[in-house]
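Everything below concerns the one structure shown next.
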Amino acid sequence: MAHFVAEEAREIQGLAVRIKKIEGAAQRRPPHGSAPPYPSFPCPMSPWLVYLLRCRDGSLYCGITNDLPKRLKAHATGKASRYTRSRLPVALDYTEPQKSKSAALKREAAIKRLTRAEKDRLVVKGITPRVREGRPRNRAKT
């Protein structure tokens with residue numbers, strides 16, 4: 001009988017340890033990169049934007065952000081991008097809201113594949129040109 005009681009006590013102790021681990025895991029913060037237990041943005045509009053800047057030399061810079069004023073300030077002070085740092089001042093020419101960070105990254109890649117003329121038309125008219133799939137075409141000199 002004593003053996004049975006000791007075995008049962010060990011089993012109860014094991015259950016108690018497992019319960020403490022589960023409770024502790026529920027109280028800890030989620031690991032980096034995992035989704036929080038609540039929606040990250042309470043508003044229905046996602047804050048992710050794709051933007052185009054026109055640099056001093058007339059070139060265009062494409063990027064994404066979820067805080068446009070902060071990102072523009074970083075560009076203006078030369079701390080946001082190595083490309084724009086040497087081409088200051090920069091001016092915001094175009095923004096396009098996206099539903100998620102993933103969508104913004106995909107749209108940024110698509111805009112970077114456009115020709116210069118298509119990017120200029122996008123800025124002037126605010127229209128979305130046909131998006132090319134795949135890598136940029138070879139621009140070999142003829």
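What the table below lists for this structure:
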quantity	calculated
Residues of the range 57-96 classified as within 17 Å of Arg116 (Cα to Cα) and assigned to a loop (DSSP other than H, G, I, E, B), total	3
Pair list, Cβ under 6 Å, 6 or more apart: the range 58-74 residue closer than 10 Å to Thr84 by Cβ and in contact (Cβ under 8 Å) with a residue 60 or more places away in the chain, other residue surrounded by fewer than 17 Cβ atoms within 10 Å (Cβ to Cβ) and among the β-branched types (Val, Ile, Thr)	none
Options Ala103, Ala74; residue that is within 24 Å of Lys125 (Cβ to Cβ), surrounded by 12 or more Cβ atoms within 10 Å (Cβ to Cβ), out of contact with any Cys (no Cβ under 9 Å at 6 or more places or on another chain) and of a type in the set (Gly, Ala, Ser)	Ala103
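To keep it simple, each residue is scored yes or no on (1) at pLDDT below 95; (2) surrounded by 10 or more Cβ atoms within 10 Å (Cβ to Cβ); (3) closer than 30 Å to Val124 by Cβ; (4) not acidic (Asp, Glu).
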{"residue": "Glu8", "(1), (2), (3), (4)": "yes, yes, no, no"}
{"residue": "Lys20", "(1), (2), (3), (4)": "yes, yes, no, yes"}
{"residue": "Arg28", "(1), (2), (3), (4)": "yes, no, no, yes"}
{"residue": "Ala35", "(1), (2), (3), (4)": "yes, no, no, yes"}
{"residue": "Arg54", "(1), (2), (3), (4)": "yes, yes, yes, yes"}
{"residue": "Ile64", "(1), (2), (3), (4)": "no, yes, yes, yes"}
{"residue": "Asp67", "(1), (2), (3), (4)": "yes, yes, yes, no"}
{"residue": "Arg82", "(1), (2), (3), (4)": "yes, no, yes, yes"}
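The values are calculated or read from the model by the stated rules, or taken from the named source; none is laboratory data. Note that the structure is a prediction, hence the values are computed from the model and not measured. Reconstructed Cβ throughout: ideal geometry from the backbone, glycine too, with neighbour counts over all protein chains shown.
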